[in-house]
Structure formats: C-alpha cells, structure tokens
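Notes follow the structure.
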2 protein chains.
Amino acid sequence: MRVMGVDPGLTRCGLSVIESGRGRQVIALDVDVVRTPAGDPLQHRLLAISDTVEYWMDTHIPDVIAIERVFANQNANTAMGTAQAGGVIALAAARRDIDVHFHTPSEVKAAVTGNGRADKAQVTEMVTRILALQQKPTPADAADALALAICHCWRAPMIARMAAAEAMAAEQQKKFQATLKAKAKAAR
Amino acid sequence: MRVMGVDPGLTRCGLSVIESGRGRQVIALDVDVVRTPAGDPLQHRLLAISDTVEYWMDTHIPDVIAIERVFANQNANTAMGTAQAGGVIALAAARRDIDVHFHTPSEVKAAVTGNGRADKAQVTEMVTRILALQQKPTPADAADALALAICHCWRAPMIARMAAAEAMAAEQQKKFQATLKAKAKAAR
C-alpha cells in the first residue's frame, strides 16, 4: 500500500509518501515541505498548495491520503488556515477517487512513539529510526508528514476491521428491528 | 460589476449572483443553496460543493467572489467544515483568476441593515426590500449569500480607496526612510 501523508498548513505544508510492506515494514519514498508567503492573498496560497499536492498525487499515485485532523481549540486563526489547506487537499484526492483518512495528532504520536503526548523531538527521532533515514527530517512539518503516513500504514488493518465490525453491527441491528416489527405485527 | 456571494458551509452552502448598477442599484440574478448529506465522507461533500461552485462561476462569470469570513470562536466543529468549504471555493476562484474578498458577518449585517448585530429575520427583510424580491429568500443561507454580494457591491468603492490610500502610505514611508538614510549618511 502506498500512503501519502499530509501535515496541512498555509505557511508550511508537509508532504510525504511511504510504501508499506509485510508487517510493520515501511519505506520512505519522498518527503518535502511546501511554503507559501504569508503576504499573498489566501486564494493564491491555496492554489500553490493545491497545484503541488496534485503534482505529487499524479506522480506517486498513492492508494490513500492520510491528513492530520485539525482542531479549532488551538490558535484559532492558524486553525482556520490549516482547515482551508486541508480542504483543498481532500478535494484533490476526491477528484482522483483516492481514499482520504484523517488522524488526530495524538493518534499519530501514539502510533510512532507509543505515547500520545510525545513532543516534536521524540516524533522526529522515532520517524528517523523507523524509516532508517540517514539524517533527521527537517523542519518538523516534514517529520509530521512522515509520521502521519506511518501511522496510517499501521492503523489501516485496524481501521478495516473496525469498518467491517461496524457494518456487521448495522446489519444485525437491521435484522433485529425487522424481527421486532414482525413480532409486533403477529401480536396485534 | 457582477458579484457572486457565498455563505460557505458543508450542510448548506448559500450561493448568489448580483449585478451592481449606478450608485446603490443592485439586481439579483440568481440564488440557491447547495446541500450535502452529513453522513457522506468529507472529501465527497467538498467535491460536490466545488463542482456546483465551479459551474456557477463558469455560467455567471462573476468579476469578484465575496465569501463570508469565518471565525473559530463559534461552534468549533462547524467552523472547521465551513473553513474547508470556503477553502475549496477560494481555490476555484483562484483557478479562474477571479478576485476574492472576505467580509465578516458584522460587516454584512451593517451594510444591509445599518446594524452590525441585526438578526437573521432583519437581514432577510432588508435583502428582500433592497432587491425588490417578490418573496423572502429561504433558507437563511440564501438570504445571507445575497446580503454578502450586496455588501461587497456597496463596500467595493471604499475597499478600492483604502487599497489606494495604503499603497500611497507605503510609498511615502519608503521615501521617508530613504530621506532619513541620506541624512544619516550626510551627518556621518
């Protein structure tokens, strides 16, 4: 499975591509950070990000995009820009019929370091080790994009099992409701 | 000037097109609300909104897009979805080289009702009167999209004057800095 990890942002947007193998094996294929000038109009910044992300999608042809889920409770203004960047990236994926998954920062940290509250240095350290990189990825956005892709590779089997279980539960509830209805009808 | 007003949102996204004439004259050309099902994956909802907005842009060929500026201090989750929708709309405008302006809810309310804290009913009432509509636009998102476009038509001359004044101030500051530098050099 080929996973593209995206740490969305207007000023710096981290991009990575990782290929997963057997078990927990993961291989880094590419990593980079897109920057857009803070003084540019918002729509031009979004266009620059969208163009780069689309180029990556068309070059690497990932099976799935893993995007960091943003919360508004941090810096409100930054969060809005991050959400807007995340929106155009999800749109680019939808246009290519590529699956999109969102992971929270805690899920990503927990996946790569075993601790949902790890700091940036620990995440960078573990990403460097897991992917056997010769040097630490910089800036932090690059490391975060790699961590997101690793997180998705490792959580994917669990996500698939969860989806299967939820589908089965929904199916059984439907059957149960039908049984209830039939009984109510018979009792009338 | 032809202005497309957008009240962004995932569940309901208000769209309007207005043509401004002499003075404060404004004519409504179109208004509608795009809805996407809450249960759909985010990327599919964004794609549906983007497709509709792009169709409107290509049909009406507006000179400028007026989008409501979202703040994160309201309902955090809704605000993120609204920001994501706003992002893909700004992107569609950038791809067509259409100018984008953001107006806050207070600016819009103040422009159409004279009161920055007017309620939804007052905005709808004034929009109906200003555009001489035969019936009130519903839902509120449709009225908001019309109000946004009216707001932009009326604020546009002021925005242009502000931009000119800011450019002139920047120019004069540059000259002043140059004079200071020259004097400092002469004094050495």
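The values are calculated or read from the model by the stated rules, or taken from the named source; none is laboratory data. Quick caveat, the model's predicted, so the values are computed rather than measured. Positions of Cβ are backbone-derived with ideal geometry, glycine not excepted, and every protein chain shown enters the neighbour counts. With ligands, DNA and RNA removed, areas are computed over all heavy atoms of the protein, side chains included. Shrake-Rupley method; radii C 1.70, N 1.55, O 1.52, S 1.80 Å.
Data table
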| item | result |
| --- | --- |
| Heavy atoms of residue A:101: accessible area, 1.4 Å probe, square angstrom to 10 | 50 |
| Per-residue average of Cβ from other chains inside 10 Å of A:92-104 | 3 |
| Inter-part distance where segment A:118-155 and segment B:130-174 are each reduced to a Cα centre, Å | 45 |
| FRET efficiency estimate (nearest 0.05) - Cβ-Cβ, residue B:63 to residue B:121, R0 22 angstrom | 0.10 |
| For the pair B and A, total buried accessible area rounded to nearest 100 Å², probe 1.4 Å | 2000 |
| Trypsin sites (Lys or Arg not before Pro) within segment A:1-110: DSSP coil, no more than 14 neighbouring Cβ in 10 Å | A:22, A:24, A:96 |
| Rounded Å value of the spacing that divides the Cα centres of segment A:40-75 and segment B:68-107 | 16 |
| Rotationally averaged projected area of the protein assembly as shown (alpha carbon convex hull; nm²) | 28.7 |
| Accessible surface of segment B:2-187, 1.4 Å probe, proportion on carbon and sulfur as whole % | 52 |
| Mean Cβ count within 10 Å, highest first, over the residues of peptides B:111-121, B:154-164 | B:111-121, B:154-164 |
| Helix axis angle, B:42-60 relative to chain B longest principal axis, alpha carbon, degrees | 80 |
